[in-house]
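Computed from the coordinates by the stated procedures, all read-outs in this text should not be read as laboratory data. No experiment lies behind these values; they were computed from the predicted model shown. Neighbour counts run over all protein chains shown; Cβ positions are idealised from the backbone, glycine included.
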Amino acid sequence: MPIPGGLLPTLPAQQAQFNELAAVTRRAFMGFCVIQIYNNSPGMASFLASAQSAGGGVSSVTVPVQGAPLVQAGVAGYDGNFQPPPALTALRNAEFNLKLYVCPVPFLGTEGLVQVDFAIIPIVEARMNDMTNATMHLMSSDLYSTEDADDRPLHIVGLNGAIDDGSEQEVYGNIDRTENDWWKSYVRDAGGVPPTRKEMLAWIVGLNKYCGEHPSFALTDAGTWTALAQDYVGAESYVITPGTAFDTDGDRPRAAFKALDVAGVPVFFDPYVPTESNGTVWLVNSNYLNAYWHDNASFNFSGWHSTIPNYTLGYIGLLINAWELVCVKPKTCGRITGFEGVSGL
């Protein structure tokens, strides 16, 4: 519906002129569509960048894991005698099923007839573009889901299940955490304190002590990240070129950061972290925590198939993903809750 104003007639007495112009004048459409409803996800970007390949079969991702010693070390004296080796068993399989994510794309035959040679934005192209965005939106949301994974068997097990001590996901990868301490992650409560460099350093060192390895990166919500950033900003200093000022120096000082580095661990905030997870920091070790995608279902398009057998003129296609977030060594990752972040963001 055209609106009056600006160059167009606006007074009630000019309604006839407005209607006439609207009836005989084309609109000045821009040749692009601006998407309003999605966000970028640093978490999904990281897991996509380090994605691993998986095939078919039952339990598509099966990883042998060792939860106890396979041999026993000892000492020997001058005579060289030692204890006979015991027969120890310590290997078992961690098993994960890929989850199927699909996005159907419709294309009515009549749409094609109407738009041919007259499309400003071909609607089928807009849908094809949106199917990736919609799929990524669902994946990014599921990454931080706070629902019990057992109640959502068709969805991936998110970070709260992969990085856990058994309080959220008791059985993970077909291994019971309550019976196997080596399958538990480093889960702690910060106790309601603001996140500072000193606080974050303490938890990173705590995780390192717990598992002997350093996390690769950390993810959190915007409020917690901002509170941590404020601990940096107060310690910033600026070096100005002599004879210049802030507003004249072409290479003017830059304040704050895109990623906050604590003990070599970059901390990112993800807009997909839900409100109920505010104050949580996930410490991720990307050597062991990765997304696995099926070789033949990694943002694959099925092609167009006619809907005429269903008595409808048109076509339908599917964007297909079979994937799962898999942690094969949960003790190398941590989840720290209870930080007090900046509210109202």
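Calculate, in nm to one decimal, what Ala51 and Ser298 gain on full extension: separation in residues at 0.36 nm each, minus their alpha carbon distance.
87.9 nm
Over the range 115-191, one equal point on each Cα, no solvent: what is log10 I(q)/I(0) by the Debye formula at q = 0.13, 0.19, 0.26 Å⁻¹? Summing over Cα pairs of the range 115-191 leads to -0.55, -0.83, -1.15. Largest GNM mean-square fluctuation among Phe82, Phe269, Phe107, using the chain with Cα springs under 10 Å: Phe82. In this structure, the pairs whose alpha-carbon distance is over 18 Å, taken from Lys99/Lys329; Lys99/Lys184; Lys184/Lys209; Lys209/Lys329, are Lys99/Lys329; Lys99/Lys184. By the helix-only formula, in which each DSSP H run with n ≥ 4 contributes -39500 (n - 2.57) and the sum is divided by residues, the chain has a 222 nm mean residue ellipticity of -7000 deg cm²/dmol. Note on the chain: dipole from Cβ charges, positive end direction compared against Phe217, Val233, Ile121; the farthest Cα belongs to Ile121. Computed from Cα positions, the angle between helix 123-143 and the longest principal axis of the chain comes to roughly 30 degrees. Counted by Cβ distance under 12 Å from Val187, the other residues give a net charge of +1, where Lys and Arg count +1 and Asp and Glu count -1.
Between Leu8 and Ala222, the modelled labels are 3.3 nm apart [label points 7 Å from Cα along Cα→Cβ].
What shape does the range 130-243 take by its C-alpha gyration tensor, where a ≥ b ≥ c are the square roots of the eigenvalues and a/c under 1.5 counts as rounded, a/b above b/c as prolate, and the rest as oblate? Verdict is oblate for the range 130-243. Anisotropy class assigned to the range 95-138 is prolate, per the alpha carbon gyration tensor with a/c at or over the 1.5 cut-off and a/b larger than b/c. Recomputing Rg/Rh (Cα atoms, Kirkwood Rh) from the coordinates shown identifies the correct label among (i) 1.13; (ii) 1.17; (iii) 0.96 as (i).
Return the FRET efficiency for the residue pair Arg197, Asn287: r is the Cβ-Cβ distance, R0 is 25 Å, and the value is rounded to the nearest 0.05. Kindly include the intermediate steps, with their values, before the conclusion.
On the way: r = 24 Å, r/R0 = 0.98.
Rounded to the nearest 0.05, the efficiency is 0.55.
Relative to the dominant Cα principal axis of the chain, helix 222-233 is inclined by about 70°.
Ranked by the mean number of other Cβ atoms within 10 Å of their residues, highest first, the peptides 7-17, 122-132 come out as 122-132, 7-17.
Charges were assigned to the Cβ only: +1 to each Lys and Arg, -1 to each Asp and Glu. The resulting dipole of the range 19-126 about its Cα centre is roughly 120 debye. One chain, two ends: Ser237 and Leu138. Fully extended at 0.36 nm per residue, the span grows by 31.5 nm beyond their Cα-Cα distance. Please compute the contact order of the chain in relative form: average sequence separation of alpha-carbon pairs under 8 Å and at least six residues apart, divided by the residue count, as a percent. Computed value for the chain: 25 percent relative contact order. What FRET efficiency, computed as 1/(1 + (r/R0)^6) with R0 = 25 Å and r the Cβ-Cβ distance, is obtained for Tyr311 and Val114, rounded to the nearest 0.05? The computed FRET efficiency comes out at 0.80.
The long axis of helix 15-24 is offset from the longest Cα principal axis of the chain by roughly 70 degrees.
When only the Cβ of Lys, Arg, Asp and Glu is charged (+1, +1, -1, -1), the dipole of the chain relative to its Cα centre reaches about 500 debye. Residue-wise HN-Hα couplings along the range 317-332, as the Karplus relation 6.51 cos²θ - 1.76 cosθ + 1.60 with θ = phi - 60° gives them from phi, are x, 10, 8, 10, 9, 10, 8, 7, 8, 10, 10, 8, 8, x, 5, 7 Hz; Gly and Pro carry x. How would you classify the range 1-83 from its alpha-carbon gyration tensor, with a ≥ b ≥ c the square roots of the eigenvalues: rounded for a/c under 1.5, else prolate if a/b is greater than b/c, otherwise oblate? In terms of gyration-tensor shape, prolate.
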